[in-house]
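Notes for the one structure printed next.
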Amino acid sequence: LKKAAPLLVNVSFLIGFFWLLFAIVGIQAFKSSFSRSCTWIDPIGSSNWTNDFQLCGGHLDKETGKPLPWVYENGTAGAVKAKGYHCPRGSLCIEGTSLYNGTVSFDNIFNSLELVFVIMSANTFTDIMYYTTDSDYLAAALFFAAGIVIMLLWLTNLLIAVITSSFQVIREESKRSAFTGEGELEKVKT
(Lines give C-alpha, C1' and ligand atoms only; values in the text may rest on other atoms or scores of the structure.)
Protein backbone atom coordinates (compact mmCIF):
# COMPACT_ATOMS: atom_id res chain seq x y z
CA LEU A 1 0.00 0.00 0.00
CA LYS A 2 2.99 2.32 0.53
CA LYS A 3 3.88 2.12 -3.15
CA ALA A 4 0.27 2.74 -4.16
CA ALA A 5 -0.21 5.68 -1.77
CA PRO A 6 0.47 8.53 -4.26
CA LEU A 7 -1.95 7.09 -6.80
CA LEU A 8 -4.54 6.31 -4.11
CA VAL A 9 -4.31 9.90 -2.85
CA ASN A 10 -5.02 11.22 -6.36
CA VAL A 11 -7.99 8.88 -6.81
CA SER A 12 -9.27 9.80 -3.32
CA PHE A 13 -9.16 13.49 -4.19
CA LEU A 14 -11.09 12.77 -7.40
CA ILE A 15 -13.71 10.78 -5.49
CA GLY A 16 -13.93 13.48 -2.82
CA PHE A 17 -14.40 16.17 -5.46
CA PHE A 18 -17.31 14.36 -7.10
CA TRP A 19 -18.75 13.43 -3.70
CA LEU A 20 -18.82 17.09 -2.66
CA LEU A 21 -20.09 18.17 -6.10
CA PHE A 22 -23.02 15.75 -5.95
CA ALA A 23 -23.79 16.82 -2.37
CA ILE A 24 -23.96 20.48 -3.42
CA VAL A 25 -26.12 19.64 -6.44
CA GLY A 26 -28.38 17.62 -4.12
CA ILE A 27 -28.81 20.60 -1.80
CA GLN A 28 -29.60 22.92 -4.69
CA ALA A 29 -32.05 20.55 -6.35
CA PHE A 30 -33.75 18.83 -3.42
CA LYS A 31 -33.63 21.16 -0.43
CA SER A 32 -36.86 20.70 1.57
CA SER A 33 -38.03 17.99 -0.86
CA PHE A 34 -38.23 15.45 1.96
CA SER A 35 -40.39 17.83 4.01
CA ARG A 36 -43.44 17.81 1.72
CA SER A 37 -46.11 15.22 2.51
CA CYS A 38 -49.69 14.60 1.50
CA THR A 39 -52.10 15.78 4.18
CA TRP A 40 -55.78 14.86 4.07
CA ILE A 41 -57.90 17.83 5.07
CA ASP A 42 -61.05 16.90 6.99
CA PRO A 43 -64.02 18.63 5.31
CA ILE A 44 -65.69 19.35 8.65
CA GLY A 45 -62.44 20.65 10.14
CA SER A 46 -62.16 18.36 13.16
CA SER A 47 -58.79 16.74 12.33
CA ASN A 48 -56.30 16.33 9.50
CA TRP A 49 -54.12 13.30 8.72
CA THR A 50 -50.61 13.45 7.25
CA ASN A 51 -49.06 10.52 5.42
CA ASP A 52 -45.41 11.20 6.32
CA PHE A 53 -43.98 8.73 3.82
CA GLN A 54 -45.95 9.91 0.79
CA LEU A 55 -43.76 12.74 -0.41
CA CYS A 56 -45.17 15.05 -3.03
CA GLY A 57 -44.56 18.00 -5.30
CA GLY A 58 -48.14 19.21 -5.65
CA HIS A 59 -51.78 18.34 -5.21
CA LEU A 60 -54.94 18.20 -7.31
CA ASP A 61 -57.52 20.96 -6.97
CA LYS A 62 -60.61 19.68 -5.17
CA GLU A 63 -63.09 20.95 -7.79
CA THR A 64 -61.24 21.01 -11.12
CA GLY A 65 -58.57 18.31 -10.64
CA LYS A 66 -55.94 20.71 -11.96
CA PRO A 67 -52.42 20.14 -10.53
CA LEU A 68 -51.42 22.86 -8.05
CA PRO A 69 -48.01 23.39 -6.43
CA TRP A 70 -47.20 22.40 -2.87
CA VAL A 71 -47.99 24.86 -0.08
CA TYR A 72 -46.44 25.99 3.19
CA GLU A 73 -48.27 25.33 6.46
CA ASN A 74 -49.72 28.87 6.33
CA GLY A 75 -51.34 28.10 2.95
CA THR A 76 -49.11 30.14 0.60
CA ALA A 77 -47.86 28.45 -2.54
CA GLY A 78 -44.33 27.12 -2.33
CA ALA A 79 -43.62 26.95 -6.06
CA VAL A 80 -44.87 28.24 -9.38
CA LYS A 81 -46.08 24.89 -10.69
CA ALA A 82 -46.64 21.36 -9.45
CA LYS A 83 -43.97 18.69 -9.87
CA GLY A 84 -43.49 15.11 -8.81
CA TYR A 85 -46.29 13.11 -7.21
CA HIS A 86 -49.64 14.92 -6.92
CA CYS A 87 -51.71 14.29 -3.81
CA PRO A 88 -55.30 13.21 -4.58
CA ARG A 89 -58.33 15.47 -4.34
CA GLY A 90 -59.18 16.40 -0.79
CA SER A 91 -55.52 16.39 0.18
CA LEU A 92 -52.86 19.09 0.11
CA CYS A 93 -49.13 18.76 -0.41
CA ILE A 94 -47.88 20.64 2.65
CA GLU A 95 -44.29 21.33 3.67
CA GLY A 96 -43.79 20.25 7.27
CA THR A 97 -41.03 18.31 8.98
CA SER A 98 -38.49 16.12 7.18
CA LEU A 99 -38.42 12.35 7.31
CA TYR A 100 -36.84 10.65 10.29
CA ASN A 101 -36.66 13.92 12.28
CA GLY A 102 -34.64 15.65 9.58
CA THR A 103 -31.81 13.12 9.43
CA VAL A 104 -32.65 11.96 5.90
CA SER A 105 -32.65 15.04 3.71
CA PHE A 106 -30.68 17.22 1.36
CA ASP A 107 -31.25 20.24 3.60
CA ASN A 108 -27.63 20.68 4.75
CA ILE A 109 -24.19 19.62 3.55
CA PHE A 110 -23.68 16.88 6.15
CA ASN A 111 -26.94 15.08 5.43
CA SER A 112 -26.39 15.56 1.72
CA LEU A 113 -22.89 14.04 1.91
CA GLU A 114 -24.36 11.09 3.79
CA LEU A 115 -27.05 10.48 1.17
CA VAL A 116 -24.54 10.77 -1.68
CA PHE A 117 -22.38 8.19 0.11
CA VAL A 118 -25.39 5.88 0.25
CA ILE A 119 -25.81 6.32 -3.52
CA MET A 120 -22.07 5.80 -4.08
CA SER A 121 -22.07 2.59 -2.04
CA ALA A 122 -25.34 1.32 -3.62
CA ASN A 123 -26.48 0.24 -0.18
CA THR A 124 -30.22 0.86 0.29
CA PHE A 125 -30.24 3.88 -2.03
CA THR A 126 -33.56 2.86 -3.57
CA ASP A 127 -35.64 4.29 -0.70
CA ILE A 128 -33.93 7.65 -1.12
CA MET A 129 -34.45 7.45 -4.88
CA TYR A 130 -38.18 6.73 -4.50
CA TYR A 131 -38.63 9.54 -1.96
CA THR A 132 -36.83 11.96 -4.26
CA THR A 133 -38.77 10.97 -7.36
CA ASP A 134 -42.03 11.49 -5.48
CA SER A 135 -41.07 15.09 -4.80
CA ASP A 136 -39.19 15.84 -8.07
CA TYR A 137 -39.49 13.49 -11.05
CA LEU A 138 -37.08 14.75 -13.69
CA ALA A 139 -34.39 16.23 -11.45
CA ALA A 140 -34.30 13.04 -9.36
CA ALA A 141 -34.02 10.83 -12.42
CA LEU A 142 -31.09 12.82 -13.77
CA PHE A 143 -29.39 13.06 -10.35
CA PHE A 144 -29.59 9.36 -9.59
CA ALA A 145 -28.64 8.27 -13.11
CA ALA A 146 -25.56 10.49 -13.02
CA GLY A 147 -24.77 9.49 -9.44
CA ILE A 148 -24.93 5.78 -10.16
CA VAL A 149 -22.91 6.00 -13.38
CA ILE A 150 -20.24 8.41 -12.14
CA MET A 151 -19.95 7.63 -8.42
CA LEU A 152 -20.77 3.92 -8.32
CA LEU A 153 -19.76 2.49 -11.66
CA TRP A 154 -16.83 4.72 -12.59
CA LEU A 155 -15.13 6.12 -9.48
CA THR A 156 -15.59 3.13 -7.17
CA ASN A 157 -14.28 0.80 -9.86
CA LEU A 158 -11.39 3.19 -10.47
CA LEU A 159 -10.42 2.92 -6.80
CA ILE A 160 -10.57 -0.88 -6.95
CA ALA A 161 -8.55 -0.90 -10.18
CA VAL A 162 -5.81 1.24 -8.60
CA ILE A 163 -5.53 -1.09 -5.62
CA THR A 164 -5.53 -4.20 -7.81
CA SER A 165 -2.93 -2.84 -10.21
CA SER A 166 -0.74 -1.75 -7.29
CA PHE A 167 -0.72 -5.29 -5.93
CA GLN A 168 0.12 -6.59 -9.40
CA VAL A 169 3.08 -4.18 -9.69
CA ILE A 170 4.36 -5.19 -6.24
CA ARG A 171 4.10 -8.84 -7.17
CA GLU A 172 6.00 -8.35 -10.43
CA GLU A 173 8.73 -6.26 -8.80
CA SER A 174 9.39 -8.48 -5.84
CA LYS A 175 8.46 -11.88 -7.34
CA ARG A 176 6.38 -12.60 -4.27
CA SER A 177 2.79 -12.28 -3.18
CA ALA A 178 1.73 -8.85 -2.04
CA PHE A 179 -0.26 -10.52 0.75
CA THR A 180 1.94 -13.22 2.26
CA GLY A 181 5.55 -12.14 1.90
CA GLU A 182 6.55 -15.61 0.66
CA GLY A 183 8.54 -15.57 -2.53
CA GLU A 184 7.79 -17.92 -5.40
CA LEU A 185 11.31 -19.33 -5.15
CA GLU A 186 10.74 -20.28 -1.52
CA LYS A 187 7.61 -22.21 -2.51
CA VAL A 188 9.55 -24.17 -5.13
CA LYS A 189 12.27 -25.18 -2.63
CA THR A 190 9.78 -26.59 -0.12
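The values are calculated or read from the model by the stated rules, or taken from the named source; none is laboratory data. Bear in mind the structure is a predicted one, so any value in this text is a computation, not a measurement. No Cβ is skipped: glycine too gets one built from the backbone with ideal geometry, and neighbour counts run over all protein chains shown. We work out accessible area using only protein heavy atoms, side chains counted, and drop any ligands, DNA or RNA first. Shrake-Rupley method; radii C 1.70, N 1.55, O 1.52, S 1.80 Å.
Solvent-accessible surface (1.4 Å probe) assigned to I44 amounts to roughly 150 Å². For Q54, the residues 5 or more places off, or on other chains, whose built amide H falls under 5 Å of its own are C38.
Taking T64, T126, T39 as the candidate residues, the one with maximal mean-square fluctuation in a Gaussian network model of the chain, Cα springs under 10 Å, is T64. The calculated FRET efficiency for L153 paired with N10, based on their beta-carbon distance and R0 = 22 Å, is about 0.70. When the residues Y72, Y100 are ordered by accessible surface, computed with a 1.4 Å probe over the protein chains alone, the sequence from largest down reads Y100, Y72.
Please give the contour-minus-distance gain from F53 to N123: 0.36 nm per residue of separation, less the Cα-Cα distance, rounded to one decimal in nm. Walk me through the intermediate numbers first.
Working: separation 70, 0.36 × 70 = 25.20 nm, distance 1.99 nm.
Full extension of this stretch gives 23.2 nm more.
Working from Cα pairs under 8 Å separated by at least six residues, relative contact order for region 87-170 is 19 percent. Heavy-atom accessible area for W19, with the other protein chains in place and a 1.4 Å probe, reaches approximately 80 Å². Each residue of region 41-47 was assigned a 3J(HN,Hα) from its phi angle through the Karplus curve 6.51 cos²θ - 1.76 cosθ + 1.60 (θ = phi - 60°); the sequence is 9, 5, x, 8, x, 7, 7 Hz, with glycine and proline shown as x. Relative contact order, whole percent, for region 55-122 stands at 28, derived from Cα pairs under 8 Å and 6 or more residues apart. Label-to-label distance for S32 and L20 is 2.7 nm, based on points extended 7 Å past Cα in the beta-carbon direction.
What percentage of the solvent-accessible surface of region 23-164, computed with a 1.4 Å probe over protein heavy atoms, is contributed by carbon and sulfur atoms?
Numbers: 4810 of 7650 Å².
So the carbon and sulfur contribution to the accessible surface is 63 percent.
Taken along the Cα-to-beta-carbon direction at a fixed 7 Å, the label points for I44 and K3 span 8.0 nm. Of the listed values (i) 15.0, 43; (ii) 21.4, 72; (iii) 24.5, 90, identify the label whose number matches Rg and Dmax of the Cα atoms in Å calculated from this model. Structure-derived value, by its label: (iii).
Report, in deg cm²/dmol and to the nearest 500, the calculated mean residue ellipticity at 222 nm for the chain, where each DSSP H run with n ≥ 4 adds -39500 (n - 2.57) and the sum is divided by the residue count. Write down the numbers at each step before the final one.
Values: 6 runs with 85 residues, N = 190.
Mean residue ellipticity, 222 nm, calculated: -14500 deg cm²/dmol.
The residues of region 48-160 present an accessible area of 55 Å² per residue when probed at 1.4 Å with all protein chains retained.
If you count, for each residue, the other Cβ atoms within 10 Å and average over each peptide, how do 30-38, 45-53, 163-171, 79-87 line up from highest to lowest?
On the way: 30-38: 22.2, 45-53: 10.7, 163-171: 14.2, 79-87: 17.8.
For the peptides 30-38, 45-53, 163-171, 79-87, the packing ranking is 30-38, 79-87, 163-171, 45-53.
At a threshold of 8 angstrom on Cα-Cα distance, excluding pairs fewer than six apart, so keeping six or more, what relative contact order does region 1-76 reach in percent?
Working: 51 pairs, mean separation 13.2, N = 76.
Answer for region 1-76 is 17 percent.
What is the local net charge at V104, summed over the other residues whose Cβ is closer than 15 Å to its Cβ (Lys, Arg +1; Asp, Glu -1)? Provide the component values of the computation, followed by the final result.
Values: positive: K31, R36; negative: D52, D107, E114, D127, D134.
Charge balance near V104 sits at -3.
For L138 and R171, calculate 0.36 nm times their separation in residues minus their Cα-Cα distance, and state this gained length in nm to one decimal.
Answer, rounded to one decimal: 7.1 nm.
Could you work out which residue, out of D136, D107, D61, moves most in a Gaussian network model of the chain, that is, has the largest mean-square fluctuation with Cα springs under 10 Å? Between D136, D107, D61, it is D61 that shows the largest mean-square fluctuation.
Please return the longest range in the chain lying between exposed loop sites, taking GluC sites (Glu not before Pro), DSSP loop only, at most 14 other beta-carbon atoms within 10 Å, and leaving the sites out. So the longest stretch without any such site is 74-181. By the beta carbon rule, with partners counted only under 4.7 Å, the chain holds no lone Cys residue at all.
Using a probe of 1.4 Å on the protein chains alone, the accessible area found for L60 is around 50 Å².
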